[in-house]
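Below you'll find the structure, written out as C-alpha cells, and then a few comments.
Each reported figure results from applying straightforward, stated rules to the coordinates on display, with no laboratory input. Fair warning: this is a prediction, and the values are worked out from it, not measured in the lab. Virtual Cβ from ideal backbone geometry, glycine too; neighbours counted across all protein chains shown.
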Amino acid sequence: MLELTADCLWPPVGSSEMKMSDGVLVFLLFSLFAAMAASAMEVAAEDLGVSLAGTKQQKHKHSGFSQAECPGACQFRCSKTAYKKPCLFFCQKCCYKCKCVPPGTYAHKEACPCYNNWKTKRGGPKCP
C-alpha cells in the first residue's frame, strides 16, 4: 500500500509559493467578477438609452434624423418586440414624419413630442 507523507506533496504544504498563488487566484477571480458586473451595467444602460460616462458619446441619438437614418434607429427601437414587422413599419412612418425616435427599446416617448402625440383614429398611440 502507498503511504502519502508531507515529503510527497507538491507544492510543499505551507510554502510561500502556495500562499502567493492563492492571492493571485483571488485577484483574478475578483477582476473577472468586476469586469462581468461592469459589462452587465453597460448593457442595462444601453437598454435605457443612457450613457454611463459623461464624456462618452451616446450610441443612440434620438432626434434630427434624416430619412436614411430612420431604418437603423427603428431597427434598434423594435429589436426586443415580438411584433417586428408592424413595429418597424409604424416606427419608420413616425420617424419620417417626426424626424425623431425615442431612445431605448420601449417607453421614453416624452423625448419626441411629435412621436408621442401622433394618435390613431381611435385615439391610441400611432408610434411604437
| message | Show me, for the stretch 86-94, the HN-Hα J-couplings you get by feeding each phi into the Karplus relation (A = 6.51, B = -1.76, C = 1.60, θ = phi - 60°), rounded to Hz, glycine and proline as x. | response | x, 4, 5, 4, 6, 4, 5, 4, 5
| said: Using the basic label-point model (7 angstrom from Cα toward the beta carbon), what is the C114 to S63 distance in nanometres? | reply: 1.1 nm
| field | For peptides 87-98, 111-122, 68-79, sequence by mean Cβ density within 10 Å, most packed first | value | 87-98, 68-79, 111-122
| request: Give, in nm to one decimal, the length gained when the segment between Q75 and K97 is fully stretched (0.36 nm per residue of separation minus the Cα-Cα distance). | output: 6.2 nm
| note | Here the FRET efficiency for Y83 versus D22, based on Cβ atoms and R0 = 41 Å and rounded to 0.05, is 0.20
| task | With θ set to phi - 60°, apply the Karplus curve 6.51 cos²θ - 1.76 cosθ + 1.60 along the stretch 118-128 and write out the HN-Hα couplings as whole Hz, x wherever there is a Gly or Pro. | result | 6, 10, 7, 4, 7, x, x, x, 7, 9, x
